[in-house]
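Colleague: Before I ask anything, let me first share the structure, which is written out below as structure tokens.
Throughout, read-outs are computed from the coordinates displayed, never taken from laboratory work. None of the values given here were measured: they were computed from a predicted structure. Because the Cβ atoms are built from the backbone with ideal geometry, glycine has one as well, and the counts that use them run over all protein chains shown.
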Amino acid sequence: MNPEFQRNLWLELTPRRMFPMVVALALIFFAAALTGGLVSGPGEAARWLYYLIVVVWGSRNAATSVVGEIRDRTWDGQRLSSLGADTMTWGKLFGSTAFNWFGGAICLAVILIDLIGNRGPVVALIELVYYLSIGVIAQSAALLASLIAAGRRHSHSQFGVFLYQAVGLAAAIIVYLIWATADPAGTLLARHAPADFIVWWGLTLDARAFLLLSLALFAAWMLVGCVRQMRLELKMRNGPYVWLGFLVFIGIYVAGFDAWLTGWQSLTHLDVVARRLLLAGTTYGAIAYLMVFLEPKDRVHYRWLGGAFAKLQFGPALGGLQGWMTAALGALGIGIVLLAWLAQTPQDEATVGAMLGFLCRDMAVVVLANMLTRRRGGDFTALVMLFALYVLLPAIVRGMNYETALVFFFPRVSDPLWLSPLLAWAEAVLATALAVGSLALPEEKVAAARAT
Amino acid sequence: MIEVRELVYEYPTVRALKGVSLRVESATITAMVGPNGAGKTTLLRCLAALEPPYSGSVTIDGLDTKEAPRAIHAKLGYLPDFYGLYDALSVRRALTYTARSRGISAALVGDAVIKAAARVGLTDRLDARAGELSRGLRQRLAIAQAIVHQPAVLLLDEPAAGLDPQARRDLSQLLLTLKDGGMTLIISSHILAELEDYCSEMIIIEDGLIVGGRAIKVRDVERPRYLLEIAAARSDLRQFLSARAGVDVIEADGHHALFTHTRNAQARAKLIRDLVAAGFEVSSFGESTKTLEDAYFKQVGQGA
């Protein structure tokens, strides 16, 4: 047996804990069956208890599985172990939540009995997949958040754990809302009204089947994310291919929803290809913004990366690109294709060109802020700088009735059209030059100090 | 076995290691000493491939910590200064978990647990919960966890903290046994007295640098240092000793001599007989103690 899973079972599944859980759940279901007032029977009670035990409590335990080790000073011992990242991940994810899954399994049994009796085995099976997925997604999202925080050497306090748990809960709420939206009547596969279909890549698909598959795929990607983050904690290197695979997947997945943009008035003139490219490119941009804040901005790594490119060692250098860099490159690549596609509409071309320039500028700003701020807080400094660039300074410019100067801060239609992208890219070059320059500062200082 | 070249490590606000280079031979015990905040723990963590160097390199058994950290992890046992234990687990389960997670097969894990527990004197506590152990016994359990998989390299940060005198003596004996079994040990401490019994070499770290730039040989188990005192001063004491086979004089004056000599009792007895026969009034002859402390303050003094 996986040693990490076994250790967690030793700690979690003790008779002293399991017996009260069984008794408590049995009493609640009995009370629900008798009264039928507070909730409509044991099935409904089991649903709420499942959310409470597996989603709310389970995501907390998942968030604590690594953070607790750091707090209790046992994490270094685990990092030195011979366990692979996948073994460690599933040992923690399902081991630390074993007690929650024990309680959840009892609830699921009651839910299934209720569903089979009232709505048939097919619905029961689909709901089973949904409940398992929402539990795994919530717990793995919490674990992933805690692993990312551990990589950044961030908080392992109770408040930190609460934040990572909140990420898990947010993921669960999204899953719950999407599922509920697709099934407004609360019935599954009971009717196939037009509202129950989704248009994706021009195909009309059954909404619940599509969402169920989507849930399973996103749960799988969440687990992959946990394993990759665990690899970093274990000092293993992540190759670029899995992340590239995710980017390709998410790009294709999101681009398929082009039909949703048809209702957006300012985009109605775009054809289907442009809409899909816009969706994929915007998604990559959003991922780049998210990842540049989540990933550690390690001066040592950036210097190594620069050295590898300078020595034309493209294999290791490309393998060493961080997630935000690859996503930004993806956005740039799609943006360039979009620029070519929009050759007949120069105004759109200029806007897309400016968007790409500001994306690059903002990435450089985040790196620069982290290099200049030697204590933790570089990301906060970056947020303040971006707030100033996107909100504060434009507000001042507007207040001075100098609207034309807003072209310095946003992608805007300018006169001449090329001014907006030109300024955006000039800012990007300047910010990148400053960021690259700041990477070399400490080493040069040391060299200078040694020379003297 | 361990080679460190121009190792630089940087925290966000401070450069903790400023170009450390050292070489540690296999089957030795090296003391790492220095004041608090000198960089000892950081260096140990870099050796354990837990922290990547800013620049420079660390190789253990030919493996670079940057290139093959997991392979290095498999060769290591590491006891951090502030370690944690799974308080709710019994000693047996804690050791079983560590052994299994360090790659020992299920068939062999029982023997490994018994052996590790016996080495630190915890055989009679195997079924006690870690949380119920005293501080000293917890320290022993932590050491047992670090050695349960028989690592090639053992890194210990303040291993004797919390141990009573008997346990410290047992620890010294254990460390010497591990060294004799071929293990390479690096032990960080700022308490010189506890290192005296088992360390053969010493690295002094001060302000992120190795004082003197290299390890100092402070103790040779096969050739200890001896201190000789004679009642009546003789100017030819150094010359006489230097002429004896197997004697290397470190320092000498008319009344005293500090020299290395084989540990062999017969050889020592012969040396004393020769001294007495030559008319030296031997008033004291014994193994020199506090060599580590002497070496430390001598080096630190030079560094200053």
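Colleague: List the residues, sorted by chain then number, that are 5 or more residues from B:LEU154 or on another chain and whose placed amide H is less than 5 Å from its amide H.
Modeller: B:GLY77, B:THR184, B:LEU185, B:ILE186
Colleague: Pop the C-beta distance of A:LEU430 and A:MET21 into the FRET formula with R0 = 41 Å and round what comes out to the nearest 0.05.
Modeller: Details: r = 60 Å, r/R0 = 1.47.
For R0 = 41 Å, the calculated efficiency reads 0.10.
Colleague: Let me ask something additional. What's the average, rounded to a whole number, of partner chain beta-carbon atoms within 10 Å of each residue's beta-carbon in A:79-86? The partial results should precede the final answer.
Modeller: Values: counts 7, 18, 10, 9, 4, 1, 1, 0.
Average per residue, whole number: 6.
Colleague: Right, next: Grab the eigenvalues of the alpha-carbon gyration tensor for the stretch B:97-162, scale each by 5, take roots, and send me the semi-axes largest first in whole angstrom.
Modeller: On the way: eigenvalues 74, 48, 17 Å².
Gyration-tensor ellipsoid for the stretch B:97-162: 19, 15, 9 Å.
Colleague: I'd like to know how the stretch A:1-236 sits against the 2.2 N^0.38 Å rule of thumb: what's its Cα Rg over that expected value?
Modeller: Working: Rg = 19.1 Å, N = 236, 2.2 N^0.38 = 17.5 Å.
For the stretch A:1-236, the normalised Cα radius of gyration comes out at 1.09.
Colleague: Quick check on the exposure proxy: order A:CYS360, A:CYS107, A:CYS226 from fewest to most C-beta atoms within 10 angstrom. Working shown, then result.
Modeller: Numbers: A:CYS360 20, A:CYS107 25, A:CYS226 29.
Listed from fewest to most nearby Cβ atoms, that is A:CYS360, A:CYS107, A:CYS226.
Colleague: When the Cα centres of the stretch A:86-129 and the stretch A:9-30 are compared, how far apart do they sit, in Å?
Modeller: Between the Cα centre of the stretch A:86-129 and that of the stretch A:9-30, the gap is 16 Å.
Colleague: Relative to the Cα centre, what is the charge dipole magnitude of chain B, using +1 at the beta carbon of each Lys and Arg, -1 at the beta carbon of each Asp and Glu, and rounding to the nearest 20 debye?
Modeller: Details: 37 positive and 37 negative charges, 135 e Å.
In total the dipole reaches around 640 debye.
Colleague: Please identify the longest segment of chain A free of exposed chymotrypsin sites (Phe, Trp or Tyr not before Pro), where exposed means a DSSP state other than H, G, I, E or B and no more than 14 other Cβ atoms within 10 Å. Working shown, then result.
Modeller: Working: sites that count: A:TRP201, A:TRP264, A:TYR402, A:TRP418.
Result, exposed sites excluded: A:1-200.
Colleague: Name the residue, out of B:THR30, B:THR65, B:THR262, whose mean-square fluctuation peaks in a Gaussian network model built on chain B with Cα pairs under 10 Å.
Modeller: Greatest mean-square fluctuation among the candidates belongs to B:THR262.
Colleague: Need one number for the protein assembly as shown: average projected area of the convex hull over its C-alpha atoms, nm². Before the final figure, lay out each step's value.
Modeller: On the way: hull surface 174.5 nm².
Convex hull of Cα atoms, orientation-averaged projection: 43.6 nm².
Colleague: With a 10 Å Cβ neighbour count serving as the proxy for reagent exposure, in which order, fewest first, do A:MET230, B:MET202 appear? Can you show the working numbers first?
Modeller: Details: A:MET230 27, B:MET202 23.
Starting with the residue having the fewest Cβ neighbours, the order is B:MET202, A:MET230.
Colleague: Further question: Counting partner chain Cβ atoms within 10 Å of every residue's Cβ in B:55-67, what's the average?
Modeller: Numbers: counts 5, 0, 0, 0, 0, 0, 0, 0, 0, 0, 1, 4, 1.
The per-residue average across the peptide is 1.
Colleague: Also, I was wondering about something else. Would you work out the charge dipole size for the stretch A:250-344 about its Cα centre, treating the Cβ of every Lys and Arg as +1 and the Cβ of every Asp and Glu as -1, and quote it to the nearest 20 debye?
Modeller: Values: 6 positive and 4 negative charges, 63 e Å.
So the dipole magnitude of the stretch A:250-344 works out to roughly 300 debye.
Colleague: With a 10 Å Cβ neighbour count serving as the proxy for reagent exposure, in which order, fewest first, do A:GLU295, B:GLU194 appear?
Modeller: Details: A:GLU295 18, B:GLU194 21.
Starting with the residue having the fewest Cβ neighbours, the order is A:GLU295, B:GLU194.
Colleague: Another one. Within the set B:LYS18/B:LYS40; A:LYS235/B:LYS179; A:LYS235/B:LYS66, which residue pairs have Cα atoms separated by over 18 Å?
Modeller: On the way: B:LYS18/B:LYS40 12 Å; A:LYS235/B:LYS179 28 Å; A:LYS235/B:LYS66 9 Å.
Violating the 18 Å limit, Cα to Cα: A:LYS235/B:LYS179.
Colleague: Per residue, how big is the convex hull of chain A when only Cα atoms are used? Give it in Å³. Intermediate results must be reported in sequence, preceding the final value.
Modeller: Working: hull volume 90.4 nm³, N = 452.
Expressed per residue, the convex hull around the Cα atoms of chain A is 200 Å³.
Colleague: Take the alpha carbon gyration tensor of the stretch A:250-344, find the square roots of its eigenvalues, order them as a ≥ b ≥ c, and report rounded if a/c is under 1.5; if not, report prolate when a/b exceeds b/c, else oblate.
Modeller: Details: a/c = 3.44, a/b = 2.21, b/c = 1.56.
It is prolate, given that a/c is not under 1.5 and a/b is the larger ratio.
Colleague: A follow-up question, please. Could you pull the Rg and Dmax for the stretch B:2-217, using just the Cα atoms, both in Å?
Modeller: 16.9, 49
Colleague: Does the stretch A:351-424 classify as rounded, prolate or oblate by the C-alpha gyration tensor (a ≥ b ≥ c root eigenvalues; a/c under 1.5 gives rounded; else a/b over b/c gives prolate, otherwise oblate)? Spell out each step's value before the answer.
Modeller: Values: a/c = 3.79, a/b = 1.63, b/c = 2.32.
In terms of gyration-tensor shape, oblate.
Colleague: Among B:ALA167, B:ALA106, B:ILE191, which residue has its Cα furthest toward the positive end of the charge dipole of chain B, with +1 on Lys/Arg Cβ and -1 on Asp/Glu Cβ?
Modeller: Sorting the options by dipole projection puts first B:ALA106.
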